[in-house]
Amino acid sequence: MGKQAAERRLADTEASAFLRALRISPQKLNLVAQSIRGKDAATAVAELTFSRRRIAQDVKKVLQAAIANAENNHQLDVDRLYVKEATVGRAFVMKRFHTRGRGRSARIEKHFAHLTVIVRERAEDDVGEGA
């Protein structure tokens, strides 16, 4: 007599993972997310592993979580997965003040961002094609 399960928003060949309130500006996070969009999952993980950006390790964790969700929850083939979407959104902004010279102060804004990664299984005939 409980609440009915919500309909699945993604297709049967898709899985997702997300991370909320990452301590980085959305603009910087989007640069890393842009580098993995449309690529094979294994290629994207390799690229994030060797990326020099600090946030790349957090993006890699989210991508690996999406791959694990696809494999364990939706029984998708890991070898045929690719990054369908890597979406970055704005979260909140913490506002702080920093004292400056001559009795003045300056406002410091600490931006946060959300990250959502959706992986999708390629069709049988598209397996050889990778970005």
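Each value in this text was obtained by applying a stated rule to the coordinates, not by laboratory testing. This is a predicted model, so every value here is computed, not measured. Because the Cβ atoms are built from the backbone with ideal geometry, glycine has one as well, and the counts that use them run over all protein chains shown.
Summary table
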read-out	value
Residue (of 103, 83, 93) at the positive-pole extreme of segment 12-131, dipole from beta-carbon charges	103
Sequence-distant aspartates and glutamates (8 or more away, or on other chains) whose Cα lies within less than 20 Å of residue 95	109
Cα-projected label distance for residue 74 with residue 90, points at 7 Å along beta-carbon direction, nm	2.9
Packing-based ranking, highest mean first, of 37-50, 110-123 given that Cβ atoms within 10 Å are counted	110-123, 37-50
Residue-wise HN-Hα coupling along segment 12-25, computed from phi with Karplus coefficients 6.51, -1.76, 1.60 (Hz; x: Gly, Pro)	5, 9, 10, 9, 9, 8, 9, 9, 9, 6, 7, 7, 7, 6
Residues of type lysines that residue 60 reaches as a straight line, Cα spacing below 17 Å, ignoring anything fewer than 8 places off in the same chain	28, 39, 84
Positive-end residue of 113, 74, 19, charge dipole of the chain with Cβ unit charges	113
Helical contribution to [θ] at 222 nm, DSSP H n ≥ 4, -39,500 (n - 2.57), averaged over the chain, rounded to 500	-8000 deg cm²/dmol
GNM result for the chain, Cα springs below 10 Å: residue of 71, 85, 109 fluctuating most strongly	109
Segment 14-122 - percent relative contact order, Cα under 8 Å, separation 6 or more	43
Dipole in debye (nearest 20) - segment 53-118, about Cα centre, beta carbon charges: Lys, Arg +1; Asp, Glu -1	1000
Highest-fluctuation residue, 80, 90, 54 considered, GNM on the chain with Cα pairs under 10 Å	54
Per residue Cα convex hull volume in Å³ - calculated over the chain	129
Helix axis angle, 56-72 relative to the chain longest principal axis, alpha carbon, degrees	30
Gain upon complete extension [residue 23, residue 99; 0.36 nm per residue less C-alpha separation]	25.1 nm
Total charge dipole magnitude, the chain, about the Cα centre, Cβ charges on Lys, Arg, Asp, Glu only, Debye to nearest 20	1860
